[in-house]
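Take a look at the structure below.
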Amino acid sequence: MENLLANQVALVTGASSGIGYGVAKALAKAGAAVALNYHSHPESAEQLADEIEKNGGSSFAVRADVSDPSQVEKMFDACRARFDTVDIVVANSGLQKDSAFGDMTLEDWQTVLATNLTGQFLTTQAAVKEFRRRGQRNNSRALGKIICMSSVHEVIPWAGHVNYAASKCGIQMFMKSLAQEVAPEGIRVNSIAPGAIRTPINKDAWNTEAALKKLLRLIPYGRVGEVEDIGEAAVWLASDESDYVVGTTLFVDGGMTLYPGFADNG
Ligand code: NAD
């Protein structure tokens with residue numbers, strides 16, 4: 001994967017932790033210059049940017065709330081100021097506000113939709129405008145590449161998480177409709193749907209032995225995913241190696257979407 005993304009610029013939202021952090025690191029290792037978006041705490045994004053620069057790459061951290069149009073615009077301005085443009089955009093920021101349906105507040109519903117769905121709308125719309133503004137470059141066959149971070153919950157229903165599942169199911173049709181609309185211009189839009197990846201968002205599901213045992217029953221491949229699993233997938237999906245992959249969700253889930261409950265004759 002070394003140099004697969006040489007001379008390309010990537011922006012990763014929510015890059016200060018978990019999957020975004022892992023994806024940003026992998027894109028940088030593949031040769032991309034990387035802008036690292038963070039929401040509130042700059043420390044780990046700035047530390048990763050330093051690490052990338054010390055290893056000979058280019059990177060900087062940029063603050064933005066992806067649910068706020070003016071902050072998203074400023075984030076792209078910062079990318080243009082530092083790197084002239086952007087070639088790869090990974091719309092990764094996301095959160096959960098879980099509760100039983102009857103107890104779910106309108107605020108928790110709206111916060112999840114605002115970040116997980118509207119945040120991806122704003123980020124990818126700014127990306128499409130930027131790709132169009134600067135035109136074709138000679139560093140990739142595509143005019144630009146967008147990766148939406150979805151979830152296995154774009155297809156697996158999830159009681160107690162209707163806001164999150166609705167947002168990720170929304171991403172499925174958002175991504176496909178956008179891909180259909182902009183593919184004629186050479187813009188490739190795809191999603192990655194992670195299964196259970198070891199990050200802060202789902203700590204309760206893997207940080208005790210009992211929780212881990214319960215979680216592993218849902219994963220035929222027998223292990224929890226790591227952010228590197230998603231990083232490798234993102235590098236491939238952002239590179240010309242996947243140039244004919246358009247409008248697809250790549251499930252990276254250890255088989256979680258294989259209905260493991262039916263493995264033993266149901
Ligand atoms: P995480 O909590 O470590 O990362 C989420 C990131 O999003 C954080 O960096 C956070 O600061 C950022 N963020 C939240 N609200 C934001 C906002 N308004 N503006 C900008 N950034 C914001 O969790 P993660 O597991 O790394 O999640 C990353 C993505 O992967 C999410 O979209 C999540 O839904 C998805 N995902 C995760 C898993 C998993 O098992 N960890 C599985 C499927 C999908």
* Structure fact -> Quick count over region 1-55, residues being hydrophobic (A, V, I, L, M, F, W, C) and near the ligand (Cβ under 10 Å from one of its atoms), is 6
* Structure fact -> Among Ser167, Ser150, the single one that is in contact with a strand residue (DSSP E or B) (Cβ under 7 Å, 6 or more places away or on another chain), closer than 17 Å to Ala91 by Cβ, within 14 Å of the ligand (Cβ to nearest atom) and open to solvent by less than 70 Å² (accessible area, probe 1.4 Å) is Ser150
* Quick one: count up the residues across region 203-244 that are free of Cβ contacts under 8 Å to residues at least 12 places away in the same chain, assigned to a helix (DSSP H, G or I) and not small (Gly, Ala, Ser). => 6
* Residue selected from region 39-70 under the condition closer than 22 Å to Lys145 by Cβ and not small (Gly, Ala, Ser), by the criterion most open to solvent (accessible area, probe 1.4 Å) -> Phe60
* Asked: Taking region 179-201 on its own, how many of its residues are within 16 Å of the ligand (Cβ to nearest atom), in contact (Cβ under 8 Å) with a residue 60 or more places away in the chain and either open to solvent by 80 Å² or more (accessible area, probe 1.4 Å) or in a helix (DSSP H, G or I) (or both)?
  -> 2
* Structure fact -> If we keep only residues of region 71-128 that are open to solvent by 60 Å² or more (accessible area, probe 1.4 Å) and touching a Phe, Trp or Tyr at 6+ places or on another chain (Cβ under 9 Å), then the residue farthest from the ligand (Cβ to nearest atom) is Arg82
* Asked: Which of the residues belonging to region 31-58 are part of a strand (DSSP E or B) and in contact (Cβ under 8 Å) with a residue 40 or more places away in the chain?
  -> Ala33, Ala35, Asn37
* **Tally, over region 10-21, of residues that are open to solvent by less than 10 Å² (accessible area, probe 1.4 Å) and either farther than 18 Å from Phe76 by Cα or among the β-branched types (Val, Ile, Thr) (or both)** => 2
* To do: Please enumerate the residues belonging to region 223-258 that are under 20 Å from Gln172 (Cβ atoms), open to solvent by less than 10 Å² (accessible area, probe 1.4 Å) and under 14 Å from the mean Cα position of the chain (by Cα).
  => Ile230, Ala234, Leu237, Ala238
* To do: Give just the number: which of (1) closer than 25 Å to Thr257 by Cβ; (2) part of a helix (DSSP H, G or I) does Pro157 not satisfy?
  => (2)
* Residues in region 211-220: is at least one within 16 Å of the chain's Cα centre (by Cα) and surrounded by 14 or more Cβ atoms within 10 Å (Cβ to Cβ)? -> no
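The values are calculated or read from the model by the stated rules, or taken from the named source; none is laboratory data. All of these numbers come straight from a predicted model, not from anything done at the bench. So basically every Cβ, Gly included, is an ideal-geometry build from the backbone, and we count neighbours across all protein chains shown. With ligands, DNA and RNA removed, areas are computed over all heavy atoms of the protein, side chains included. Shrake-Rupley method; radii C 1.70, N 1.55, O 1.52, S 1.80 Å.
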